[in-house]
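Below is one structure, written out as structure tokens; the observations come after it.
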Amino acid sequence: MSLGPPVPSVARLVWIGDRLAPVAWLTARATLQRAGLERVVLHVEAAPAGPPPLERDVLADDLRQAGVEIVPFELDGLLDASGLPSAEVDRLRRLGRDLRQGAARSNLARLLILYAEGGLYLDTDAPPLRELTPLLRHPACLGLERVALPLRTMESRSPLRWARAGALLAWRELCSHGDLGERVGARTAGHFDLAVNNAVIAATPGSPLLAAALHAAAALPDDVARQRYQLGPKLLERVTGNQSGPDVEILPPEVCYPYGPELSWHLFRPRPRRAPDPGGESLLDLLPATCRVVHLYDSVLRRRQGCSLDGAWLARHRNDTIVGALLAPSIDALCALDPGRADVAR
């Protein structure tokens, strides 16, 4: 692969909402502390005629003081500056106005921001574990996750393929419980399909990968574009085929997605408590040695326990969960800033 110009040494997060969720604050802080990048930017959607976003938000104020740049954006402005063909700009503009969920709008915003400025995009529930500069060595970089429903299955009419997917979904659910489920899940991971996810994307400005993704997004029929994941992971599946190429390096699951969908419950699952021991074993040792980012899939916690990844939850589970160990450096600061604050769904 031709390396070409380097990806800018900047981490980019996108937030859409009136208040910053604790998990977004935690990921931004972890990025400052561990990523080894020159800048961290939080891109926040602004209303066309409203006040500056997150103007009086205590968590956002803390990030500003810590050195995170908070930059407002509007989808229309990003599209106008994109340089895409006018027909595609008009199509994506109409699509953007139809998207109501923050996660769906974020899917489009991250592509446009990276296409214009380049850098390393991180989902707000994808905190770094260690330095991320190795992800900047290629024109674009994505990671694979283990899934039961890749694009080829979703677009298939084969009963056998759908039966296989159903069996994998049921097996994944079983493996998401308890120590035995974690061990069995790890041993049977090879039965799942590998597909790219869009929670971690590195790209140069004007990346051919992102150009192809934006062209593909503009070509999607309305009924497809509005479906969950179609402007996110499935879009990148379409343009990469889940394979590395001249314009993109595809990383194995262990780098960014060590626990895939549903199995990520093991990140939150309480285990025998371990007091912090700087010289001894840590729950972080359960993560692969090659892991650099841990995508939490934090909606799993809300769905399974009806609670949020906030300071109160983390204070209770600092020493008995992987996510507690991962975010431990910032737990006390979060509790002091905004004790017990509930998460905000994107």
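The values are calculated or read from the model by the stated rules, or taken from the named source; none is laboratory data. If you're wondering where the values come from, they're calculated on a predicted model, not measured in any experiment. Counting neighbours? That spans all protein chains shown, and the Cβs are built from the backbone with ideal geometry, glycine included.
Observations on the model:
- Flag if D193 is of a type in the set (D, E), without any contact (Cβ under 8 Å) to a residue 60 or more places away in the chain and within 30 Å of L267 (Cα to Cα): yes
- Top-ranked residue of the stretch 245-263 - restricted to ones that are assigned to a strand (DSSP E or B) and in contact with a His (Cβ under 9 Å, 6 or more places away or on another chain), ranked as nearest to A211 (Cα to Cα): V248
- The one condition in (1) surrounded by fewer than 22 Cβ atoms within 10 Å (Cβ to Cβ); (2) in a helix (DSSP H, G or I) that S156 fails to fulfil: (2)
- Lone unmet requirement of (1) in a helix (DSSP H, G or I); (2) of a type outside the set (G, A, S); (3) at pLDDT 95 or above for D223: (3)
- Residue that is farthest from L13 (Cα to Cα), among those in the stretch 25-58 that are at pLDDT below 95 and hydrophobic (A, V, I, L, M, F, W, C): A49
- Note on the stretch 106-133: residues that are part of a helix (DSSP H, G or I) and surrounded by fewer than 19 Cβ atoms within 10 Å (Cβ to Cβ) amount to 3.
- Cβ-Cβ under 6 Å pairs, at least 6 apart or on other chains, the stretch 46-64 side farther than 26 Å from D76 by Cα, far side surrounded by 16 or more Cβ atoms within 10 Å (Cβ to Cβ): V58/L337; V58/D338; L59/L20; L59/W25; D62/L337; L63/A28
- Test result for G83, without any contact (Cβ under 8 Å) to a residue 60 or more places away in the chain and not in a helix (DSSP H, G or I): yes
- In the stretch 134-150, the residues that are in contact with a Leu (Cβ under 9 Å, 6 or more places away or on another chain) and part of a helix (DSSP H, G or I): L135, L136
- Residues in the stretch 278-334 that are closer than 28 Å to L135 by Cβ, of a type in the set (D, E) and surrounded by 14 or more Cβ atoms within 10 Å (Cβ to Cβ): 1 in all.
- For the stretch 229-251, a residue qualifies if it is touching a helix residue (DSSP H, G or I) at 6+ places or on another chain (Cβ under 6 Å), modelled with pLDDT of 95 or more and charged (D, E, K, R), and the qualifying residues are K234, E237, R238.
- Single match in V196, V200, V184 (criterion: part of a strand (DSSP E or B), surrounded by 14 or more Cβ atoms within 10 Å (Cβ to Cβ) and either touching a Cys at 6+ places or on another chain (Cβ under 6 Å) or on the phi > 0 side of the Ramachandran plot (or both)): V200
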